[in-house]
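*Asks:* Attaching a single structure in structure tokens format; questions to follow.
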Amino acid sequence: MTTAPSPPIVTGVDGSVESLDAVRWAARAAHLRGAPLEIVYAVDFSALLAGGVVPPPEEMKEVLRVRGRQYLRAAAELAAAQGVPDAATRLDPDRAAQALIDASLTASLLVVGSAGHGKLASLLAGSVASAVGAHASCDTVVVRGDTWDEPGAADRPVVAGVDGGETSTRILETALAESRTRHAPLIVVHAAADEPQSREPDRAALADAGHQLLAERLSAHDTEGVAVEEVVVQSHPRRELIERSTTAQLVVLGTRGRGGFPGLLLGSTGQALLHNAACPVYLVRGA
């Protein structure tokens, strides 16, 4: 009886430093998980249509293919140096966003750089990031910051933002799995927007409710082998998580949220974190 192959971790490359950072992060994640790795270069022939209708000459297409294959070879060599010598590489004729969204249908995780150029440009700040974040079928990691690769970074905690919404269960499952795989402590944060006018009894009640919420959520998970710290703060979620990202190796969030983490990714909190976090951001998709 043959075993079905594991879904791959997929990452996009365009030759930029940011995309190569994504390749390194994805390769290390694949090595830790024992998962296959696939590296995609989006050629985007549609961008060459003259007047939007006339197809480009074959010679121009081949120039782009040659460049893409060069980028893919360099990325595969980089992945091999991270312990994944057999990464699959693929040229995709589609636009970057569509290529990655299509790849997410059969991927276990999608990993992109925080910015870039060429056909995978502006994965964080532009339309590609918004499209991938909104429509990817699997979890997504945006590789941000330059401290995650520093000596000693592996000893830093994983930070998870939990608001009690529907995605909280998956956020905790993912964060615990990442902490366990990385032999890292886990900090679970519940933050409520700071209200200066709140009376002290109200603030105390909010804190008690937050601690009760985290205790209930964590009680449903196996935390054995993971040092878990529960944090409840009266602070704006984006401010709290951005600050904690400076001393974390990974921040885990839901793509949507409520309460303490409203509108993650598509709302102001998620956008702020994706633009300002000092470490990679792991976006957990809801049901």
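*Asks:* If Lys and Arg each add +1 and Asp and Glu each add -1, what is the summed charge of the other residues whose beta carbon sits under 14 Å from the beta carbon of S114?
*Replies:* -3
*Asks:* Determine the sum of side-chain charges near V189: Lys and Arg each +1, Asp and Glu each -1, restricted to other residues whose C-beta is under 10 angstrom from that of V189.
*Replies:* Working: positive: R244; negative: D163, E229, E230, E240.
Combined, the nearby Lys, Arg, Asp and Glu give -3.
*Asks:* Hey, another quick one. Would the range 129-182 count as rounded, prolate or oblate if I go by the C-alpha gyration tensor, calling it rounded below 1.5 in a/c and otherwise prolate when a/b exceeds b/c, oblate otherwise? Show your work: numbers first, answer last.
*Replies:* Working: a/c = 2.37, a/b = 1.28, b/c = 1.84.
In terms of gyration-tensor shape, oblate.
*Asks:* Quick check: pseudo-label points 7 Å beyond the Cα along Cα→Cβ at R67 and R90, how many nm apart are they?
*Replies:* 2.2
*Asks:* Sticking with this structure for a sec: Taking R0 as 25 Å, what FRET efficiency do you get between H275 and V17 from their Cβ-Cβ distance, rounded to the nearest 0.05?
*Replies:* Efficiency for this residue pair is about 0.90.
*Asks:* Moving to a separate point now. Test of understanding: ordering Y71, Y41 by Cβ neighbours within 10 Å, fewest first, what list do you get?
*Replies:* Working: Y71 24, Y41 28.
So the ranking, lowest neighbour count to highest, is Y71, Y41.
*Asks:* With a 10 Å Cβ neighbour count serving as the proxy for reagent exposure, in which order, fewest first, do R67, R95 appear?
*Replies:* R67, R95
*Asks:* Mind sorting V162, V284 by how few other Cβ atoms lie within 10 Å of their own Cβ, fewest first?
*Replies:* V284, V162
Quick note: the coordinates plus some simple rules give every number you see, no bench work behind them. Everything numeric here is computed off the predicted structure, so don't read it as measured data. In this analysis, Cβ positions are derived from the backbone assuming ideal geometry, glycine residues included, and neighbour counts consider all displayed protein chains.
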